[in-house]
Ligand SMILES: Cc1cc2nc3c(=O)[nH]c(=O)nc-3n(C[C@H](O)[C@H](O)[C@H](O)COP(=O)(O)O)c2cc1C
Ligand code: SF4
Ligand code: SF4
């Protein structure tokens, strides 16, 4: 059996989840390709050549990033109502995030694909504010234990749907203003010349090749999808992401933090939804542990 997961990940969270799924598929004897989605879509694999097909992406403004919509438009048509699954990651567990696949799956449906299952993992924010290291570790602990269970569950034929949100299509449509807005915003990024060490990391990392550094000068094109990869990974925090700069998060998270809990300025933020998410995750992990022990 062969599987493919088309994965777009700005700062690595979604890729970590997709990799856990791919590793679990392999353990179950499914040869799995983890395909990195970039702006260059010249040679896309044909999903019809695979038995299992998945798509993984981070949620951006309650939607799939526009690179995923472009991918859906560019894929070849499905033969025989090809089924696929979706894996998504986001910083908060709000149910409203469920609407993030509506447009994506609508495009695929028109090409003959059928959404079979969807999974949502909460991972640390790469935008808005920085989660504390202990909270980020808690998120990763839940996601990294859930993902292999859910990958097996999926291979076993279980259908997993996320709750339907009434008027979700309308809300997602309004929120997709983010796509053109980020293209414009990406043109006005700035670099703090006092901090930048001209390492070129941001240039190389951009999935849209939107950043140019020539003769020591930066220029930015109109293809930004606000994935935050450039600013998040800048070693000197020299990146200014224009209108969203107040929400910038810089630097990788320690996902295996074992120290004292850090002071958390956002501890009330979405408190109930996080509590519910962790509670459900724990229940599922324990129920599978019991099944495995039997
Ligand atoms: C432009 C942008 C918009 C985002 N919008 C949302 C959102 O609507 N809901 C949410 O929970 N997280 C949102 N996030 C946070 C990311 O979805 C989250 O950190 C995700 O795990 C990042 O995955 P990645 O590392 O694979 O890019 C947003 C992040 C960015 C950069
Ligand atoms: S990653 Fe940061 S330090 Fe390196 S070239 Fe880009 S802005 Fe400058
Ligand atoms: S410019 Fe930065 S935020 Fe925009 S697509 Fe490139 S890496 Fe992502």
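Quick notes
- Scan of segment 209-229 for residues that are away from ligand 2 (no atom under 11 Å from the Cβ) and closer than 21 Å to residue 62 by Cβ, ordered by number: 224, 225, 226, 227, 228
- Matching residues in segment 200-237 - criterion: being assigned to a loop (DSSP other than H, G, I, E, B) and out of contact with any helix residue (DSSP H, G or I) (no Cβ under 9 Å at 6 or more places or on another chain): 200, 215, 216, 236
- Enumeration of residues in segment 4-31 that are closer than 30 Å to residue 223 by Cα and away from ligand 1 (no atom under 15 Å from the Cβ): 4
- Residue count, segment 103-150 (criterion: within 16 Å of ligand 1 (Cβ to nearest atom) and not in a helix (DSSP H, G or I)): 15
- Members of segment 230-260 that are within 14 Å of ligand 2 (Cβ to nearest atom) and surrounded by 22 or more Cβ atoms within 10 Å (Cβ to Cβ): 230, 231, 232, 234, 239, 241
FYI, it's all coordinate maths here, none of it is from the lab. Here the structure is a predicted model, which means the values were calculated and not measured. For neighbour counting, all protein chains shown are included, and Cβ atoms are generated from backbone atoms with ideal geometry for every residue, glycine included.
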